[in-house]
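Peer 1: I'd like to ask some things about the structure below.
The values are calculated or read from the model by the stated rules, or taken from the named source; none is laboratory data. Since the model is a prediction, treat every value here as computed from it, not as a measurement. Every residue, glycine among them, receives a Cβ derived from its backbone with ideal geometry; neighbour counts consider all protein chains shown. These area figures cover heavy atoms from the full protein model, side chains too; ligands, DNA and RNA do not enter into them. Shrake-Rupley method; radii C 1.70, N 1.55, O 1.52, S 1.80 Å.
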Amino acid sequence: MPYVLVETNDAAGNKELLAAPATWIQRRGNGTSYLRWPNVRNFNMLNALLADDRSQPMAAWETHECSIKCSNIQSLALAGKMIKTLQKHWNSFGTSAHKRTIESSDDVTVSPVCKKSLTESSDRQQQQQQQVETVSEAEPTLTSLDDFDEPNEQQLIGMLDELGSLVKKRHDEARKKMLDGFYRVENSLKSIVNEAERRVQESVAQRTPSANDLEFCVNPLTCTEEMNDFEERLKGEEYRKHVERWIDCTIGYELNPEYRMRVILDALFDMTFLAKFSWTGSGLDKISFGRYNNIVNLFNYTGTTDTHLATPRYVGQFFKKKLKHLASQISNKDVSNSTSPSSFGNYENNSTQRAVESLREITVKDSPNEVKRSDNRPTVTQFPPAPFNCIVEVDEFEAQLNDPVYLKQVHKWINEQVAYEVNPEIRMMEILYMLFDNNFLPCFTWVGAKKDSYAMKKYKNVIKLFQYVGTTVAHRADYACVEHFFTKKLRYAWRRADDWSSSR
């Protein structure tokens with residue numbers, strides 16, 4: 001801590017200059033300053049307190065009114081020289097005030113000495129003078145200050161100006177260093193951001209499929225021979241790389257591991273053929289899916305993202321759950337297909353025939369499942385509905401959903417089909433493929449902008465039904481969610497069509 005040079009009055013009312021540590025100067029609430037001075041009579045103790053620039057005033061110390069003449073004095077020795085210079089200046093003008101002076105050397109190991117007595121007693125003055133002389137003889141460094149020429153008042157003022165300039169220079173240097181530090185930190189942050197952007201661009205460039213990758217496609221597997229051939233071809237590194245790039249093109253930037261595997265499973269296998277499998281091969285006439293190691297490893301790759309590692313155990317649990325529920329879904333489809341027309345060559349003729357059969361079934365009376373209508377709108381008693389393969393069937397289904405009884409049946413059927421699934425998009429995907437035939441679904445787009453395509457968005461009841469399908473305990477599927485789902489699914493629905501598979 002620096003020292004302070006203050007002016008105060010002694011007991012006789014005479015002015016005196018004192019140098020004290022800055023901690024001894026205290027201020028009142030009105031802004032006036034006062035000096036706390038130790039009430040000790042031992043010079044060694046007083047000198048020790050003065051030499052300690054961090055000493056704190058005690059409650060028993062004296063309080064003196066003072067005015068600060070100079071602050072931020074770096075050493076007690078410099079303060080003593082300033083007092084001697086000012087005292088000499090005052091004496092040269094005949095000043096009658098008695099002064100108290102402080103002497104010290106720059107060596108902190110030497111204790112400073114106070115030359116003025118603490119009382120007005122002449123005996124105490126003589127005793128303290130003897131102590132000063134004794135200390136001066138024992139420590140010659142105290143008197144070594146007299147060997148130097150004492151500065152005059154002009155030199156003292158110049159010294160204070162020089163000290164102020166030095167402080168300002170140090171402040172400017174510190175400010176410059178701080179600004180340089182901020183500049184380096186800013187450049188470092190810019191470098192980090194640029195590097196991150198560069199890596200993102202490289203990653204996007206690596207993931208962007210080439211023209212060859214877009215042309216490559218894997219046909220859905222429909223029999224054991226095709227699956228065995230696919231398992232064997234995956235042993236080749238080049239072919240496996242092509243399949244992995246095809247997976248990346250098909251999934252895009254989807255981050256949900258289970259949804260990624262469901263999309264590829266749906267694109268890679270015919271569901272009727274997949275129903276013949278179980279994970280371990282247990283069950284009547286079931287084939288073990290787990291023994292196809294290369295295909296399983298392919299799903300390890302599919303389910304792995306930047307934040308999730310699809311382990312063999314994770315893939316095994318996925319297939320156990322999927323294959324467990326697949327057989328019941330296929331059996332429900334077979335029952336529905338058995339009541340539909342056997343020929344799918346002409347969609348319009350088939351829809352007409354089914355509409356006539358539906359109207360005939362309405363004449364059945366007193367049936368527990370009978371639905372009575374007063375507005376003559378078409379109603380289908382058959383449930384669950386068979387996959388739609390023409391636009392007339394979709395229009396009929398849209399009209400039937402206006403009936404609360406029929407809508408309640410549809411909701412019950414949906415809950416039975418996807419009750420085990422918590423992912424909203426997977427729930428909608430499974431119901432979509434149960435309601436629409438693979439060869440008919442490509443005829444739709446969301447807004448109907450494509451030539452000869454139907455607009456899915458105009459079927460309000462179907463949209464509301466898929467909002468119901470996509471709603472779970474943790475997620476509420478709104479209109480925008482269903483729009484996003486259909487836009488993405490209808491864009492690639494042609495890949496599931498039989499005529500596209502045969503053409504490949």
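Peer 1: In the range 416-449, which chymotrypsin sites (Phe, Trp or Tyr not before Pro) fall in coil by DSSP and have 16 or fewer other Cβ atoms within 10 Å? Numbers along the way, then the final one.
Peer 2: On the way: sites: 420, 433, 436, 440, 444, 446; in loops: 420, 440, 446.
Here the sparse-neighbourhood loop sites are 420.
Peer 1: Another question, if that's okay. At 7 Å along the Cα-to-beta-carbon direction for both residue 291 and residue 52, put a label point, then send me their distance in nm to one decimal.
Peer 2: Those two pseudo-labels are separated by 9.1 nm.
Peer 1: Round to the nearest 10 and report in Å² the accessible area of residue 28, as given by a 1.4 Å probe over the protein chains' heavy atoms.
Peer 2: Counting only protein heavy atoms, residue 28 exposes about 90 Å² to solvent.
Peer 1: Rounded to the nearest 0.05, what FRET efficiency do residue 198 and residue 235 have when you use their Cβ-Cβ distance and R0 = 35 Å? Walk me through the intermediate numbers first.
Peer 2: Values: r = 36 Å, r/R0 = 1.04.
Once rounded, the FRET efficiency stands at 0.45.
Peer 1: Using 0.36 nm per residue of separation minus the Cα-Cα distance, give me the extension gain between residue 492 and residue 72 in nm, one decimal. The partial results should precede the final answer.
Peer 2: Working: separation 420, 0.36 × 420 = 151.20 nm, distance 8.04 nm.
Result for the pair: 143.2 nm of gain on full extension.
Peer 1: Explain nothing, just compute: Karplus ³J(HN,Hα) = 6.51 cos²θ - 1.76 cosθ + 1.60, θ = phi - 60°, for every residue of the range 255-261 in order, whole Hz, x for Gly and Pro.
Peer 2: 9, 6, x, 5, 5, 4, 5
Peer 1: Now for a separate question. If R₀ is 60 angstrom, what is the calculated FRET efficiency for the pair residue 282 and residue 391, using the beta carbon separation as r and rounding to 0.05?
Peer 2: Given R0 = 60 Å and the Cβ-Cβ separation, E is 0.85.
Peer 1: Checking the cross-link filter: which lysines have an alpha carbon closer than 26 Å to that of residue 15, excluding same-chain neighbours under 8 positions apart?
Peer 2: 69, 81, 84, 88, 99, 115, 116
Peer 1: List the residues whose amide H sits under 5 Å from the amide H of residue 305, counting only those 5 or more places along or on another chain, with H placed 1.01 Å from N in the peptide plane.
Peer 2: Residues meeting the amide H criterion: 310.
Peer 1: Could I ask something else about it? Could I have the simple spin-label model distance between residue 419 and residue 473, label points 7 Å from Cα toward Cβ, reported in nm to one decimal?
Peer 2: Taking the two extended label points, one gets 1.4 nm.
Peer 1: Could you rank 279, 246 by how accessible they are, 1.4 Å probe, largest area first?
Peer 2: Accessible-area ranking of 279, 246, largest first: 279, 246.
Peer 1: Then there's this: Rounded, prolate or oblate: which fits the range 31-79 when a ≥ b ≥ c are the square roots of the eigenvalues of the alpha-carbon gyration tensor, with rounded for a/c under 1.5 and prolate only if a/b beats b/c?
Peer 2: The shape class here is oblate.
Peer 1: For residue 177, which lysines qualify as cross-link partners when the Cα separation must be under 17 Å and same-chain residues fewer than eight apart are set aside?
Peer 2: Within reach: 168, 169.
Peer 1: What does the accessible area of residue 479 come to, in Å² to the nearest 10, when a probe of 1.4 Å is used?
Peer 2: 90
Peer 1: If you don't mind, there's one more thing I want to ask. Starting from the residue with the highest accessible area, list 469, 167 in decreasing order, probe 1.4 Å.
Peer 2: Greatest to least solvent exposure: 167, 469.
Peer 1: Then there is this: Can you give the accessible area of residue 162 in Å² (nearest 10), computed on protein heavy atoms with a 1.4 Å probe?
Peer 2: About 130 Å², ignoring ligands and nucleic acids.
Peer 1: Quick one: which residues, 5 or more positions from residue 69 or on another chain, have an amide H under 5 Å from its amide H? H modelled 1.01 Å from N in the peptide plane, none for Pro or chain starts.
Peer 2: Sorted by chain and number, the residues that satisfy this are 5, 6, 7.
Peer 1: Now a separate question. Considering amide H positions built from the backbone, and no H for Pro or chain starts, which residues 5 or more places from residue 279, or on another chain, come under 5 Å of its amide H?
Peer 2: So residue 279 has HN proximity to 289.
Peer 1: Fully extended, how many nm does the chain gain between residue 173 and residue 12 (0.36 nm per residue separation, minus their Cα-Cα distance)?
Peer 2: Using 0.36 nm per residue and subtracting the Cα-Cα distance, I get 53.1 nm.
Peer 1: As a quick test, which of the pairs 324/450; 321/460; 321/412; 322/412 have an alpha carbon distance above 30 angstrom in this structure? Don't skip to the answer; put the middle values down first.
Peer 2: Working: 324/450 38 Å; 321/460 33 Å; 321/412 21 Å; 322/412 21 Å.
Long pairs (Cα-Cα over 30 Å): 324/450; 321/460.
Peer 1: While we're looking at this one, here's another question. From the protein chains alone at 1.4 Å, what is the descending order of accessible area for 67, 282, 453, largest first?
Peer 2: Descending order: 282, 67, 453.
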